Amino acid sequence: MLGKTAGGLFWMFRFLERSENIARLVDAGFRIALTRSAAAEAEWASVVRTAGVQGPFLERYDTYTASNVVDFLLRDRSNPSSVMSAIDSARSNARLVRTALTREVWEATNECWMSMKDVLKRPVSESGLPDVLATIRRQNALVRGALTGTMLRNDIYNFAHLGTFVERADNTARILDVKYYVLLPSVSFVGSSLDNVQWETILRSVSAQRAYRWLSDGDANPKQIANLIILDQRMPRSLAFCVAQIREHLGYLADGYGERLDCHDLAQAQGRRLADHSIESIFETGLHQFLADFIVRNNALGLQIERDYRFYG
Amino acid sequence: MRVKIRHTTEYAYNGQVPYGLQQLRMIPKTSAGQTILSWETRVEGGSKEVTFTDQHNNHVELISLNPETRSISIHCEGEVDTADTVGVIGQHGGYAPLWYFLRSTSHTKAGPHVRALVKAVGKDYESDTTRLHALSAQILSQVPYATGTTDFSTLAEEALESANGVCQDHAHIFISAARLMGYPARYVSGYLVMNDRVEQEAGHAWAEAHVAGLGWVGFDVSNGVSPDERYVRVATGLDYSEAAPVSGIIFGGHSESMTVHLQVQQ
Amino acid sequence: MNNPSEFFDELSGFGETPRAPYADYCGWFDRQNEAQLRKKAKEAEVFFRRTGITFNVYGQQEATERLIPFDVVPRIISGREWSRLTKGIEQRVRAINAFLHDIYHRQEIVRAGRVPVELIAQNEAFLPQMIGVSPPGGIYTHIVGTDIVRTGEDEFYVLEDNARTPSGVSYMLENRETMLQMFPELFSRVPVREVSDYPKMLRRSLSACAPEACEGKPVVAVLTPGIHNSAYFEHSFLADQMGVELVEGHDLRLVDGRIAMRTTQGYTPIDVLYRRIDDDYLDPLNFNPTSMLGVPGIMDAYRAGKITIANAPGTGIADDKAIYSYMPEIVEFYTGEKAILKNVPTWRCSEPDALAYVLEHLPELVVKEVHGSGGYGMLVGPAANKREIAAFADKLRSKPSNYIAQPTLSLSTVPVMTKAGLAPRHVDLRPFVLVSPNKIEITPGGLTRVAMKAGSLVVNSSQGGGTKDTWVLDE
C-alpha cells in the first residue's frame, strides 16, 4: 500500500471521529446550558477549550454565547476542527484513497458530506440543533457500518482504525482534562447538584451515561466515573479501550508486514502505563498530570505511526 | 597530443539535503580529433541512478544525493589522445535534425544587439568559414574577455550590451548570431590545455556552426581560433543549459556553494 | 419519435421511421411511459452524485464539482457501421505510431517532402528530449481517443486524434453501468456488446509494454495530478478498476535506478506508469522546473529504458490540429493505403491564401486553436454575433499560425429526453483505442458526447455538454 494511502485512511477516520466528537461536545454543552442557564457561558467556554480551538475562537468572538459556539464548532470553515471542516477533510482524504475503499464506504462518506453540507448550509437554530447533531451521528455510523460490513480485514482496515482510536483517545483525554477538577475529591461536594450536572456532562460527552448507570449502582461517584473513562476496557471510548485497539491494529500490521517498528514500542509502553495504574494511583499522582502526559504520548504515537509507515516521506 | 584531465566539482550545502538529483554531462566521447584512452567518474555523497544518451548524443549520468548529505563531490579523471583537425568535426550525425540547431533558446535569443552585430559582420565573404571567423573576431573586439561581470545565467544580448564576458558568453553570442545568419549552431563544453598553467578555475566552452560541405566546425571566440589538438570536447547543446557539466534539482531549500579543482596537462 | 430534419438523425435518418439499428429499442421505447422514464433519469442523477462521478471545472471558485448531464436514450451503432469505423481507426492509430517514431528519428516523411519541415520545426508539441528515444515495445500512443462525427448514413469524419491523454473512458463505463441498473430488461431485448472489459484490457495492454528492466509481473500505476484535477474521478476509477496504485508525483522518486513508489514498507519500483499529467509537468528536472506535480528524473529513467510512460512524452505532435490537416498524407505514407476515415477539410491559417479565405468566411466556419482543447478559445461562426466575430478576426490576424478553420459540419443528432419529450441534439463519438506491441483493441462503443442545448454544436463537457451510453450491436 502507498504510504500516502495509509496516511489518507488514517486521517480520513481521524476527521470522521473528530466530527462526531465535536457533535457530542456540543450536545453536552447544549444540555447543560438548557438546564443551568447561569453557568451556560462558562460551560460553552469549556466546550471550546475541550475542542482545542480556544485561540481561533477568541480571534473571532468576544463572548461564549450558545450561537457563537455552536456556529463556530459546527459550521465555521475557518475553524479546521469544526464539524463541516472535519467532514470536508475526511471526504478529501477519502477521495485521495478512493482506490482503497469499497464503493459502499466511499458512497457513505460522500453522502455524509452531502448531507452535512445540506444541514449546515445555514446557521443552526436552537430548536434544530438536536436534529442536526443526530444527523451527524447517524451519518458517521453509516460510514462505520459500511467499513465493518464491506472492507477486507487487511492493512487498509488497520490504518482506518488507527486513525479512529488515536483521535478518540486524544478526545476522551481532553474531555476529562478540561473537567478534571470536578472529579477531584478536594473540591467535590458529594451529592451536590453542581457535581451531578458536571459529571453527567462528562459522561454524556463520551456517550457513557447509560453505561455508567448499568455499571454503577446509580450513585454518581467521581472515582468510578474516572475509572470507567480511563481504565475500563469495556467502554468503547475509554483510554484503555482506545489503547488496546491501537495495539491490536498495530499488531496486525506487524504480523502482516513482518516488521516491528518504533510505534509498536510506544504503543506497548502506553498500554503498560494504563495497566500499571489503578484509579487510586492515578489520583495520587495527580489526575491532570496523568492526562496531560497521556495526551503528549498519544500524539507522539500518532507521529511515530506517520513516520514508520511513510505517510509523507 | 596526450591530454590528462583531473576534474573535481564539489557542492556543499548549508544543511542536510533530503533529496536531490544531479545530471552530469562529463564523459567525453571519441570523435573527430579525439580518442578517449581512459575515463572514470567517481561520486562521493551520491550514487549513480541511470545513464542514458540525450538528444545531442551526450553521455549523461544521473546521480542522486545520498539522503541527508551535506555535500557531494564528483571526480573525473582520464586521458585523451587529440589531433588537430583545424576545428572541423565533420558531417552531422545522430537523429537531431539540423533545423533543431537553428532554434533559439532563452540564452541565445537574438535581440537588437545581436542583430547589429550580424549587420556589422556583413555577408560579403569568400566562404562560410571566413565569414564565421570574422564574426568570431568581431565578437571578441566588442566583448573582450573579462571575468566577474557575467555569470551562468547571462544571456547573449546582455553580454553584448555589457561589453564584457567569458567563454560562455562568447559562445552564446556566436551561436545567436550564427543562427540569425542561417547557420545551425551549438554550444560545446569541454577542456582546453593552457600553455602557461596546469591548474584551472573552470572548464572551457566554445561554439560550433554547421557549414555546407565541411559539416560542423568549431570556433573558440575567446581565443580567436578554431579548436586544435589542445581541445577536448565533452558535451554539446543548444546552449549552456543543455551542455552544462552539472545541472540538478535539490530539495530542502538549502543554499549551495561550488568549488572546482581542475588540472589539464599534457 | 419523429424528426424529419436537415440533420442526419441516428434514430430516424432523414425520414420518420426508425433506422434498423434502433428498431428493437424503439419497440421497447414505444411501450414505455414517458413520465416513468423521466423519473428514471432523475434517479440516474442522484446515483451519479452519490457515487461522486463529478468533474471539476477550471476557473470556478465555488461548487467546483459538477455532474456531467447524462441522457437515458442510448446512441446505437450497428455492427456493420462499427466494423468499418474500427478498421479506419486502427489504420489511423498505426499511422500515428509510425509517424511519431519517424518524427523522433529519421524524419523520413519530412525528407520525402510529404509534410513541410516548418510544421515540425516550429511546433511547440515537438519534444526534443524524445529525439532518438525508442519507447519499450515501440509504442508511443498506448491509449488513443479518436473523436468521430457523423453527417450522414455513410459519412464519418475524424475530428481529432487525441493522442496525449484522452479522457472520458470512465463515463463510457459508468454510463453503461447506470443503464444496466435502470433498464435491465432492455439488455435482454437488444444484443449490446460489452464494454466492461476495458479496465482489464487496459491493464493487459499496459503490461505488454513493460520495459526490459521489469522483472516478473509488471507493476502498473496511474499518475494523477491530484484530487483537484478535473479528471480525478476518472484517474481513481481506472486505478481502482485495474487494481493498481493511484500515485501522485510526491509518492515517487528514483531508487536504485528505477522510478519507485513509497509504500508503507519502503520503495517499490514501477514498470509502467499510465500518466495523466501533461508533458510539461512530468519532470521538473527536464521540463518545467516549477512543476510540483511531476517526478524529477523520470525522463532520464525513461531514456535509460527503466520505465514505460504511457502515453509516451512528445505524442502531442501527432494530435496537433495543424498536423491533423496532413493526416491523409500521413496515413498514406506509413500504411501505403488511402485513409479509410475522412478528415474534415481544414484551412491552415498559417497559409496566407487560407487565412484570407477564413477571414472572409468567419460566420460559416469553426476556428480552433492549434494547441487548444476542451472547446476553449474556439469560434463557432454560425453561433457567434458580429462583435464576437470581429474580436476573433483580430486575434486571428495577430497570430494566424495559431489557428485552423473548418466548415461547420452538420453533426448527426440523437434524441434526448427533455421536459417536452424527445428532442434531437447533436452528438459526437469518442471510441477508446488500446495499443500494445501485439495488437490494437477498440472497445465496442465509446463516449457519446451530446450538446444539451437545442441547435448547439459544442459537445464539450466543460461547455455544458452531456453524455449518452453508446451501444454497438452484436450482429
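The values are calculated or read from the model by the stated rules, or taken from the named source; none is laboratory data. Source: prediction; values computed, not measured. In this analysis, Cβ positions are derived from the backbone assuming ideal geometry, glycine residues included, and neighbour counts consider all displayed protein chains. Heavy atoms of the whole protein, side chains included, go into the accessibility calculation; ligands, DNA and RNA do not. Shrake-Rupley method; radii C 1.70, N 1.55, O 1.52, S 1.80 Å.
Numbers below:
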| read-out | value |
| --- | --- |
| Sequence of C:ILE270, C:ILE68 from largest to smallest accessible area, 1.4 Å probe | C:ILE68, C:ILE270 |
| Given C:LYS87/C:LYS200; A:LYS117/C:LYS42; C:LYS321/C:LYS399; C:LYS42/C:LYS200; C:LYS399/C:LYS453; B:LYS29/B:LYS123, the pairs whose alpha carbons are separated by over 26 Å | C:LYS42/C:LYS200; C:LYS399/C:LYS453; B:LYS29/B:LYS123 |
| Amide proton proximity set for B:GLY165, modelled H, under 5 Å, gap of 5+ | B:ALA146 |
| Chain pair B, C: total accessible area buried, heavy atoms, 1.4 Å probe, Å² | 2000 |
| Interchain or long-range residues, amide H under 5 Å from C:LYS342's placed H | C:PHE156, C:VAL158 |
| Per-selection metrics, chain A (Cα): Rg and Dmax in Å | 19.3, 58 |
| Additional length obtainable on full extension of the chain from C:ARG111 to C:GLU43, 0.36 nm per residue less Cα span | 18.7 nm |
| Partners for C:LYS395 among aspartates and glutamates (Cα-Cα distance below 17 Å; same-chain residues under 8 apart left out) | C:GLU351, C:GLU360, C:GLU369 |
| Cα gyration tensor shape for segment B:88-243, rounded if a/c is under 1.5, else prolate or oblate | rounded |
| Computed accessible area, B:HIS56, all protein chains, 1.4 angstrom probe, square angstrom | 20 |
| Distance histogram for chain C (every C-alpha pair counted, 20 angstrom bins, percent rounded to whole numbers) | 23, 57, 20, 0 |
| Counting DSSP beta bridges with both ends in chain C, the antiparallel % (nearest 5) | 75 |
| Sites matching GluC sites (Glu not before Pro) across segment A:1-83 that sit in DSSP coil, with at most 11 neighbouring C-beta atoms within 10 Å | none |
| Accessible surface of B:ASP228 - all protein chains present, 1.4 Å probe, nearest 10 Å² | 30 |
| Backbone HN-Hα couplings from phi across segment B:98-110 [Karplus 6.51/-1.76/1.60, Hz, Gly and Pro as x] | 4, 4, 4, 7, 9, 5, 8, 10, 4, 6, 10, 5, 7 |
| MRE, 222 nm, helices only [DSSP H, n ≥ 4, -39500 (n - 2.57), over chain B, to nearest 500] | -5500 deg cm²/dmol |
| R0 of 60 Å, Cβ-Cβ distance B:LEU37-C:HIS228: FRET efficiency to nearest 0.05 | 0.60 |
| Under 14 Å from the Cα of A:LYS179 - aspartates and glutamates, other chains or at least 8 residues apart | A:GLU43, A:ASP195, A:GLU200 |
| Label-point separation, B:PHE152 to B:HIS92 (7 Å along Cα→Cβ), nm | 2.8 |
| Between helix B:167-181 and chain B: long-axis angle, C-alpha atoms, 0 to 90°, nearest 10 | 40 |
| Under the Karplus curve 6.51 cos²θ - 1.76 cosθ + 1.60, θ = phi - 60°, whole-Hz ³J(HN,Hα) for segment B:215-232, x wherever Gly or Pro sits | x, 6, 10, x, 9, 9, 4, 4, 9, x, 9, 8, x, 10, 6, 7, 9, 10 |
| B:GLU44/B:GLU199 FRET efficiency (R0 22 Å; Cβ-Cβ; nearest 0.05) | 0.55 |
| Bins of 10 Å from zero: percent of alpha-carbon pairs in the protein assembly as shown | 2, 9, 15, 18, 17, 15, 12, 8, 4, 1, 0, 0 |
| Most to least accessible of C:LYS40, B:LYS29 (protein chains only, probe 1.4 Å) | B:LYS29, C:LYS40 |
| Under Karplus coefficients 6.51, -1.76 and 1.60, residue-wise ³J(HN,Hα) of segment C:90-98 in Hz, glycine/proline x | 4, 4, 5, 5, 4, 4, 4, 5, 5 |
| Antiparallel bridge percentage (DSSP; both residues within the protein assembly as shown; nearest 5) | 85 |
| Span-like helix ranges in chain A, DSSP H, alpha carbon extent 30 angstrom or more, Kyte mean at least -1.0 | A:3-35, A:129-150, A:155-178, A:287-308 |
| Charge context of C:TYR334, other residues only, Cβ under 9 angstrom, K/R +1, D/E -1 | -1 |
| Part-to-part distance (alpha-carbon centres) for segment A:132-158 and segment A:259-281, which is given in Å | 27 |
| Between 0 and 90°, nearest 10: helix B:112-121 axis offset from chain B longest Cα axis | 50 |
| Computed FRET value (nearest 0.05) for C:CYS26 with C:LYS87, which takes r as the C-beta separation and R₀ as 22 Å | 0.20 |
| Label-point separation in nm, C:GLU215 to C:ASN385, each point 7 Å along Cα→Cβ | 6.8 |
| All lysines inside 19 Å of C:LYS40 as judged from Cα atoms, apart from same-chain residues fewer than 8 positions distant | C:LYS419, C:LYS468 |
| Residues with amide H under 5 Å from that of C:VAL366, placed H, sequence gap 5 or more | C:GLY381, C:GLN406, C:THR408 |
